[in-house]
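Taken together, the values in this text are just the output of simple stated rules run on the coordinates, not laboratory data. These figures come from a predicted structure and were not determined experimentally. A quick note on method: Cβ atoms are made from the backbone with ideal geometry, for glycine too, and the neighbour counts reach across all protein chains shown.
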Amino acid sequence: MVILIWALLLWIGVFALIKWLEVRSEERISRWLDSRNISLYLGYVSWTTTRYDAALSNISHKYRRWWDIWFSLGVTFGLVGLIFSVILLVGNFGITFAHVWMALTTGNGSSSQGVRTATPMAGLGAADLGAAQPHRHQLFSADLEYHSRELQELDTPAEDGFTDHYVNIEFADTVQRAEETMQLARQEIGKSSGFLTPLLPGINLPKSQLGYILFALLVSALFHELGHALAAGTEELRLNGVGGFLALIFPGAYVQIDGIDQLTPWRQLKVYCAGAWHNVAVSITCVIAIAFLPITLFPFYSYHHGAVVTGVPDNSPLQHHVFPGDVITAINQKPIHDYVEFHVALRELQNEEHPQSFGFCFSKQFLKSNARAPLECCALGTTSEDGYQCFSDLLENQSTRVCVQPGAASQQEYCTKATGCDSQNSLVNATNCFFPVLPDGQQLHNVSVFNARRSYAHRHVIFQGTPETLRTSVMLSNYLPRVNFLLQNFPSLYELTVELDFPRKLDRLFQYTFSVSLCLAILNMAPVFFLDGEASAILFVRIFRPRMADWMQQKLKTGMLIGGTALLAGNIVLSLAVLRL
């Protein structure tokens, strides 16, 4: 809505300036606009030309036989689209009306929820939390009897093959990135708005998606009108011009055709249905382009070799531990081939009733060299000044607790409750499996990371927190650039190439174009005033009932158009109402 307001203010300013210049120039600006077939109104500008009429007519005549078959198929779709559009509008009206009615009668609107709920901070008052927070580089995760911090000084060389980070996280103010907002928008659309939902940037769609929508609208409109123009040429109709317009911020196109009313109903339908039929063709092309995108980009990008990190939010605890160009290849030893599998794996972990956690094998010698008394880090309401973590031996003796620095712990062998540690016969080397004491709902996640920037080394990042928080801590893609010369000589430029994530943007562009074009194809065939369905609906009646009296046809046409227009308007109003609930 803010975007539309700013666009309107810009239009008012430009329009007022042009009118002022027109008065000062003695209407020379108006004559200049008229000479170039440009029409300018407040919030609307259009341009018409006859320059392309001959070329379009030549294309229509050159392949007329094939065009005739093509546009005959378009009539078949037109009939299907007409019926389906009515069913879609009726069904969507019923769903949205039921949703609004329930919200009004029960008072339970579907207000948008945040990405996740912060972990309850049981046992801590405001004074306790305030006293605990002044430590530098500290991210708190408090529940029951646990406090800890992020330790940035625990890095070890990735080439050594050790776990190089122990990342301790739980933060309430996660950055709402565009990807995350997109997912929330899809969830809101799916759960409350039926089959159709108006896409409003800044309301139920991120503002960053506006460019994709406008491009999809422009492409869909151009091919829609191209269909009408080619069909008209095939039917020997005269084109009086083609043009484009900009209404506020929304682009569009149109063609001017003479003599269509003189054709038979079947030939008229070939022209009227051609626009929607071409939109279907655009949607099918987008599906094919999305399916073959990995093959098309193969010379430039590798695909399906892991979830490629394209960005890390500024206040994410992973900011200094994972970098653009890193590839996540496994979570808790489960292989990850793309970002979809990454999200699926985290969803499965989130839904587990008894998640399988893991710990570290501490030998007696290790504990003697690295452990401290448990009172230093395991007591409720205190935090170790030097970042010691509380660990408990859950397999042998649950009352045994020790304080160990996470960096030292993460360099030991992993263990689970099922496997334990491979203890030696010697009491000196005997090891026990120690698990970190974590707040309820949190887990340790072993994230395997492949780093192309460091001689293709693998490392592990131990991430503490909920699976949902891990999901929102990085932005991912499926594509890794094949630009070794940048990697070796210009690492900063390589990171920028990864962050731009061109394949993801291209994929999203195809997705939006598919959705917008298909929606335009279906809804444009609805029996609604000013749409192609306005003429198509009664033409189909004339084909199936050629002997129907003219007065009855006229009444039927009026009834269908009034009903269809009211149905579409009702859907729009109810869909907007759902967004307000």
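The table below lists the values:
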read-out: Separation of the R580 and S25 label points, Cα + 7 Å toward Cβ, nm; value: 4.3 nm
read-out: FRET efficiency estimate (nearest 0.05) - Cβ-Cβ, L79 to E236, R0 41 angstrom; value: 0.95
read-out: Net lengthening on full extension, D258/N58 (0.36 nm per residue, minus Cα-Cα); value: 70.3 nm
read-out: Förster radius 22 Å - calculated FRET efficiency between N351 and Q319, Cβ distance, rounded to 0.05; value: 0.20
read-out: Square roots of 5 times each gyration tensor eigenvalue, C-alpha, the stretch 1-41, largest first, Å; value: 24, 12, 4
read-out: Linear extension gain, Q411 paired with I87, 0.36 nm per residue minus alpha-carbon span; value: 110.5 nm
read-out: Over 27 Å between alpha carbons, listed pairs K207/K270; K368/K417; K207/K334; K19/K207; K270/K555; K334/K417; value: K207/K270; K207/K334; K19/K207
read-out: Relative intensity, log₁₀ I(q)/I(0), of the stretch 487-579 from a Debye sum that treats every alpha carbon as a point, q = 0.21 Å⁻¹; value: -1.03
read-out: Contour minus Cα-Cα distance for A291 and A373 (0.36 nm per residue); value: 23.7 nm
read-out: Net charge contributed by nearby residues that have their C-beta within less than 10 Å of S30 (K/R +1, D/E -1); value: -1
read-out: Simple spin-label estimate for T105 and S35 in nanometres, 7 Å along Cα-Cβ; value: 6.7 nm
read-out: Backbone N under 14 Å from the F529 label point (7 Å along Cα→Cβ), restricted to the stretch 553-571; value: 558-570
read-out: Per-peptide average of other Cβ atoms within 10 Å, ordering 76-89, 286-299, 545-558 highest first; value: 76-89, 286-299, 545-558
